[in-house]
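**Student:** Have a look at this one.
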């Protein structure tokens, strides 16, 4: 029998996929009690937002529902293995368990590719043809960072 959280993610992905809002990606998040608190899909095309992946959209919804950015104890279900951006968002949200349906190879087989991003990270961000990263105005930016640190504001 299919997991309910995964079933809901698949249904939401299919709905938005059929509306041409985004790819075949859906995600659900359950809280510590096993209650589904967020269901979302990929809305990259609809929102004109390359960050509107299902996992990120679900994290945003779960944060609103729980009133916190800290989703410790929650579990994420995704129709596909999370991309590097989504993996980072999941880790930042303190989600420590993810169930996924399709593998990166499955996504690649239908045209979705993350391998070049993993290579870029693995190679130390050196390939400027992918992204040119250059430090600029560090002194002024450090002043801002130091102001934040001295104000004893939340670290997350």
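The values are calculated or read from the model by the stated rules, or taken from the named source; none is laboratory data. It should be emphasised that the depicted structure is a prediction, and the values quoted were computed from it without experimental measurement. Every residue, glycine as well, gets a Cβ built from its backbone with ideal geometry; the counts of neighbours run over all protein chains shown.
**Student:** Quickly run through the stretch 89-106 and pick out the residues that are part of a helix (DSSP H, G or I) and under 29 Å from residue 69 (Cα atoms). Explain how you work it out, then say what you get.
**Tutor:** Pass one, the stretch 89-106, residues part of a helix (DSSP H, G or I): 89-92, 104-106.
Result: 89, 90, 91, 92, 104.
**Student:** Which number in (1) more than 30 Å from residue 5 (Cβ to Cβ); (2) part of a loop (DSSP other than H, G, I, E, B); (3) at pLDDT 95 or above marks the one condition that residue 144 misses?
**Tutor:** So residue 144 meets the others, but not (2).
**Student:** Moving on. Just to be sure I understand, how many residues within the stretch 57-82 are crowded, with 17+ Cβ neighbours inside 10 Å and either touching a helix residue (DSSP H, G or I) at 6+ places or on another chain (Cβ under 7 Å) or in a strand (DSSP E or B) (or both)?
**Tutor:** Number satisfying all stated conditions: 11.
**Student:** Here is a list of conditions, (1) more than 20 Å from residue 107 (Cα to Cα); (2) crowded, with 21+ Cβ neighbours inside 10 Å; (3) in contact with a helix residue (DSSP H, G or I) (Cβ under 6 Å, 6 or more places away or on another chain), and residue 26 meets all of them except one; can you say which number that is?
**Tutor:** Residue 26 satisfies every listed condition except (1).
**Student:** Considering only the stretch 43-56, how many residues are within 10 Å of the chain's Cα centre (by Cα) and surrounded by 18 or more Cβ atoms within 10 Å (Cβ to Cβ)? It would help to see each step written out before you state the result.
**Tutor:** Start the filter on the stretch 43-56 by keeping residues that are within 10 Å of the chain's Cα centre (by Cα), which leaves 51-56.
Retained after the next criterion (residues that are surrounded by 18 or more Cβ atoms within 10 Å (Cβ to Cβ)): 52-56.
Residues meeting the conditions: 5.
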